[in-house]
Every structure is written in C-alpha cells, then in structure tokens.
Amino acid sequence: MHKSINNLNIIKEQILEEQKKLNNENKPPKIIAVSKTFSIEKIEPLLEFGHIHFGENKVQEALNKWSNVKSHNQNIKLHLVGKLQTNKTKNAIKIFEYIHSLDSIKLAKEISKEQKKINKKPKIFIQVNIGNEPQKSGINKNEIFDFYKSCKEFDLDIIGLMCLPPINADPDKFFSEMKFINDKLNLNELSMGMSDDYLTALKYSATFLRIGTKIFGKRN
C-alpha cells in the first residue's frame, strides 16, 4: 500500500478512537489532504484510493495542477486553504468548491460579484483571527457577527468558520472559542485542526481537518 494511503488510514483510525473516547457520535470530520507544492504524481495514489477532498494554497498552482484531473473526475472537491487575493477571485471560483479564507469585506464583495457571473457559489468559511495576531489574516472575533451579516447580504454561502491558532500555544482555548462563536452563529461546519493538532480539534466539533505533512510527508 502506498505510504500516503497508509498515513491517511492511520489518521482515520486515530479519529475514530478519539471520537469513541469523547463519546462523540457525530460523523467523523472530512479530511482535506493539503496537497500544496506536491505534484499530481504524488497525489495520484490518493485519487485512485477514492479520496476526494484536497487543499491548495495558491490559485494558479491549483489551476495548473487540477484542471485536467477535475475534468475527468467530477467528484473531487478542491479547497482553497491559503489567502485569497481579490484579483485572483475569478479563477478561484472556477477551480475551488470551498474557500476557507474569507478575511475582508473587499473580498466578500468580489466573490459575490464573480459568483454571479459564472453562476457557481463556492462554500465559504470565514477566517477568524482567533489569537488576535497582527501578522495573521482573519476577522477579529469581536467583529465576526457584523461581518457575517454583511456576507449574507452579499448572498455568500457561508457554511462555517476557520482558524489557525497561534503557533506554540495550547490550541484548546482557541478551538473552544471557535466552537462557541460557530454555535452562536448557528453554522454547521468548522474548519480547524492540522497535522499537529487535529485530535485536539475533534474535542470542539471540527468538521473539516486540513492535514498535509501527516499524509504526504515533509515538503521540500
């Protein structure tokens, strides 16, 4: 069995075990295999295995890498997990089913405009700057309710919130806050948990995990 498939199966088993421990009877979260920087050859074993959720950081890389593959496989769901610049919005909507990084009103307006043009509504996560870090994108948690209201006025399909907790800090506190805000907004999906902290994210009802290194190995 290919190493990436083996890694994915181990992660799925860990998730089921952790859910048992937590008495969590929800469906296991969806695993986004974050394939940024990896060639399609490296990704192919997972495609053949039937995995459908993949994450990319850059719009151009996704277009180059996935356009052909997606034309042969309608089931693939591509997730933009990196920052989206407004001038790349049009192409992002073409290739991605999910956008995890809505972080400004300017971008919300642009997505609204472009999705009308091609009649395709991506599923969107609002990125929350949960650690209030100046170097990170995302909406301040105190402004999230007003921001969400604006997004609904722009006819965006907001399905949940996303965060990147501060590095070297205990993620529990931040994931717990994210769950609290997500519940308050009555949203069903929650994008949080990466290679280092996905088991912690399970405690707080994460529904999408963004896992790269643990599946594909270290990036060059």
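Annotations for the structure displayed:
- In the set Glu25, Glu18, only one residue is in contact with a Leu (Cβ under 9 Å, 6 or more places away or on another chain), of a type in the set (Asp, Glu) and at negative phi; that residue is Glu18.
- Scanning the stretch 20-33 for residues that are in contact with a helix residue (DSSP H, G or I) (Cβ under 8 Å, 6 or more places away or on another chain) and under 19 Å from Glu97 (Cβ atoms) turns up Pro29, Ile31, Ala33.
- Looking across the stretch 161-199, just one residue is among the charged types (D, E, K, R) and either touching a residue at least 60 places away in the same chain (Cβ under 8 Å) or buried (at least 19 other Cβ atoms within 10 Å of the Cβ) (or both), and that is Glu189.
- Pairs, first farther than 11 Å from His2 by Cα in the stretch 40-62, second among the aromatic types (Phe, Trp, Tyr) and exposed (fewer than 13 other Cβ atoms within 10 Å of the Cβ), C-beta under 8 Å, six or more apart: none
- Sole exception among (1) surrounded by 17 or more Cβ atoms within 10 Å (Cβ to Cβ); (2) under 15 Å from the mean Cα position of the chain (by Cα); (3) closer than 30 Å to Asn7 by Cβ for Ile158, by number: (3)
- Residues in the stretch 104-120 that are within 14 Å of Asn87 (Cα to Cα) and either among the aromatic types (Phe, Trp, Tyr) or in a loop (DSSP other than H, G, I, E, B) (or both): Ser104 only.
- Residue within the stretch 137-154 that is under 28 Å from Trp66 (Cα atoms), exposed (fewer than 15 other Cβ atoms within 10 Å of the Cβ) and either without any contact (Cβ under 8 Å) to a residue 24 or more places away in the chain or under 19 Å from the mean Cα position of the chain (by Cα) (or both) present: no
- Total residues in the stretch 117-135, condition surrounded by 13 or more Cβ atoms within 10 Å (Cβ to Cβ), among the charged types (D, E, K, R) and within 20 Å of Lys77 (Cα to Cα): 2
- Of all the numbered requirements in (1) within 12 Å of Cys151 (Cβ to Cβ); (2) within 18 Å of the chain's Cα centre (by Cα), Ile105 misses one, and that requirement is (2).
- Long-range neighbours under 8 Å by Cβ, at least six apart or interchain, first residue free of Cβ contacts under 8 Å to residues at least 40 places away in the same chain within the stretch 14-30, second charged (D, E, K, R): Pro28/Lys12
No lab work stands behind these numbers, since they all come straight from the coordinates. From a predicted model like this one, the values you see are computed outputs, not experimental measurements. Counting neighbours? That spans all protein chains shown, and the Cβs are built from the backbone with ideal geometry, glycine included.
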